[in-house]
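Step one of this worksheet: look at the structure below.
The values are calculated or read from the model by the stated rules, or taken from the named source; none is laboratory data. The model shown is predicted, which means the values in this text are computed figures rather than measured ones. Using ideal geometry, Cβ is built from the backbone for each residue, glycine included, and neighbour counts are taken over all protein chains shown. For accessibility, only protein heavy atoms count, side chains too; no ligands or nucleic acids. Shrake-Rupley method; radii C 1.70, N 1.55, O 1.52, S 1.80 Å.
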Amino acid sequence: MGTAMNAFDYERVATLDELVAALAGDPDGTRLLAGGTDLLVFMADGKLAPRKLLDPKRVPELNGISHNGTLRIGALTRMRDVELHPLVRSRYTALAQGAFEVGSVQIRHRATLGGNLGTASPAADTPPALLVHDAVVKLRGPDGVRKLPLGELYRGPGQTVLAPGEVIVAVKLPEHPARTGSWYIKLATRKAMDIAFVGVAARVTLAEDGRVAEARVALGAVAPVPLLAAEAGAAVTGSRLEDAALAAAAEAAMAASSPISDKRCSAEYRRAMVGVLTKRALRQAAALAEKR
Amino acid sequence: MAKQLISLRVNGSERDCVVEPRTRLLDALREGLGLTGAKEGCGNGECGACTVLVDGRPINSCLMLAVEAVGSEILTIEGLATRDGLHPLQEAFMEHGGLQCGICTPGMILAAKALLDENPKPSEAEIRAGLAGNLCRCTGYTKIVEAVQAAAEA
Ligand SMILES: Cc1cc2nc3c(=O)[nH]c(=O)nc-3n(C[C@H](O)[C@H](O)[C@H](O)COP(=O)(O)OP(=O)(O)OC[C@H]3O[C@@H](n4cnc5c(N)ncnc54)[C@H](O)[C@@H]3O)c2cc1C
Ligand code: FES
Ligand code: FES
């Protein structure tokens, strides 16, 4: 058969306890298989060769989107279901856009939100959006449950702080105040099926008087990990997004970035685009905030 | 590692198939079951030639293990026509010249079916977005888009 993958065992697990115990028992050889759109590609390329894959796609706690003030998205929820969810689209627009930017429809019907975080690609499309939504990841491991702000999940390219046996159970997004809007912009060569040169997400909450009460800016593909550019958000807080405030935010976002040059484009271009897209994403987020 | 006998529900019937855990759904369909409609273009999720529907969702069968599909309903291009004739999308692709060499066509038609099942009257932009994961090196896409539009109106 036309497969270059190593041989391995495959097992479906029915509960979270089973999953954690089995992963902790063999941290080097056993892997969680979510949508497989990263893992199976790495395996076909010979970059990974696990002895065993555990498939938790039927574990109920890992699936689905629910809402009780906080929005809870199970880690195994597929991108397509994130992107089409009415509440995600209306209140967490940047996330809906980030999910929509992942690969093709076919990829998004398999790719999971937890997998997009677990791979820890600096250029992944949902982390910048999740960062501006103040996402918290719920982890479960042999030592129990812990919750981390998403920004603390990453250690470096391809690396998370997950302990052996620890899995991402869900992503939780707090409710944003009224008059909040958000936006994600992906810059790439092609309109679909391409890795971001730069990804910028923004969230803006407007006060009664039309000034910015709170703002967040987050960046993808321009640092070893997805990054919240806190100073960029602070730079427009209290402003009416006048040109000077936007320019200050753009400067702050560029300063927070540490892009590299690669075959796709140069570091200088990436840094310049961080500035341009920060302004654009803040304006778009504010325009949505005005409507809500 | 060991070979195992699994049962896949394909095009409405249960079919037995011997696979390894690493056997991709694409290989189980093509080599195990002789359903060669799904094609291998790239083998890594880029081209869409291997698209089939699993529980109604269009997926790349080169990026799914056969064992993952146990218990699911699989539809391949072979299952689309009925005793009464071709599916309207198949008719439309023929009528509007939506294919030349035909390599991309099974995946293209199944991706288009998933699109129309979800959105019966898509705009041209929605059709192009829905088919962004299916590459065609022959047609230039315009005739494919026209075929899908025609099928949507039929
Ligand atoms: C053709 C193609 C195009 C793509 N385009 C994009 C794109 O535009 N943007 C983008 O961001 N990505 C893209 N990707 C990458 C990929 O689709 C995403 O990163 C996806 O979200 C991965 O999710 P998955 O469920 O498939 O993960 P898997 O491949 O199943 O898993 C990935 C890794 O994360 C681990 N993992 C998975 N779930 C968990 C969990 N709950 N807890 C702990 N660890 C976990 C796995 O063990 C594995 O190491 C593309 C991939 C392909 C093949
Ligand atoms: S062969 Fe599966 S996407 Fe190309
Ligand atoms: S008809 Fe030849 S690739 Fe599409």
Selection count, region B:35-55, where residues are open to solvent by less than 50 Å² (accessible area, probe 1.4 Å) and within 24 Å of residue B:71 (Cβ to Cβ): 9
Pick from region A:1-24, criterion in contact with a Gly (Cβ under 8 Å, 6 or more places away or on another chain) and closer than 19 Å to residue A:168 by Cβ, ranking: surrounded by the fewest Cβ atoms within 10 Å (Cβ to Cβ): A:21
Pick from region A:106-122, criterion more than 14 Å from chain B (Cβ to nearest Cβ) and not in a helix (DSSP H, G or I), ranking: nearest to ligand 3 (Cβ to nearest atom): A:121
Condition broken by residue A:37, with the remaining ones in (1) within 16 Å of ligand 2 (Cβ to nearest atom); (2) assigned to a strand (DSSP E or B) satisfied: (2)
Test result for residue A:130, of a type outside the set (Phe, Trp, Tyr), under 28 Å from residue A:17 (Cβ atoms), away from ligand 1 (no atom under 11 Å from the Cβ) and under 10 Å from the mean Cα position of the chain (by Cα): yes
Residue within region B:47-54 that is free of Cβ contacts under 8 Å to residues at least 40 places away in the same chain, away from ligand 3 (no atom under 16 Å from the Cβ) and either outside any strand (DSSP E or B) or basic (Lys, Arg) (or both) present: no
Qualifying positions in region B:104-154 - open to solvent by 20 Å² or more (accessible area, probe 1.4 Å), of a type in the set (Ser, Thr, Tyr) and either within 15 Å of ligand 2 (Cβ to nearest atom) or within 12 Å of another protein chain (Cβ to nearest Cβ) (or both): none
Members of region B:33-55 found to be more than 9 Å from chain A (Cβ to nearest Cβ) and more than 8 Å from ligand 2 (Cβ to nearest atom), listed by number: B:33, B:34, B:35, B:36, B:37, B:38, B:52, B:53, B:55
Checklist (1) near ligand 1 (Cβ under 10 Å from one of its atoms); (2) within 14 Å of chain B (Cβ to nearest Cβ) applied to residue A:162, failing item: (2)
Any chance residue B:59 is away from ligand 1 (no atom under 16 Å from the Cβ) and either within 22 Å of residue A:40 (Cα to Cα) or out of contact with any Cys (no Cβ under 7 Å at 6 or more places or on another chain) (or both): no
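Results for (1) part of a helix (DSSP H, G or I); (2) of a type outside the set (D, E, K, R); (3) surrounded by fewer than 23 Cβ atoms within 10 Å (Cβ to Cβ), shown as yes or no for each residue.
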{"position": "A:201", "(1), (2), (3)": "no, yes, no"}
{"position": "A:231", "(1), (2), (3)": "yes, no, yes"}
{"position": "A:234", "(1), (2), (3)": "yes, yes, yes"}
{"position": "A:258", "(1), (2), (3)": "no, yes, yes"}
{"position": "A:276", "(1), (2), (3)": "yes, yes, yes"}
{"position": "A:282", "(1), (2), (3)": "yes, yes, no"}
Residue B:40 among the charged types (D, E, K, R), part of a loop (DSSP other than H, G, I, E, B), over 24 Å from residue A:56 (Cα atoms) and not assigned by TED's automatic domain parsing to the domain that holds residue B:108: yes
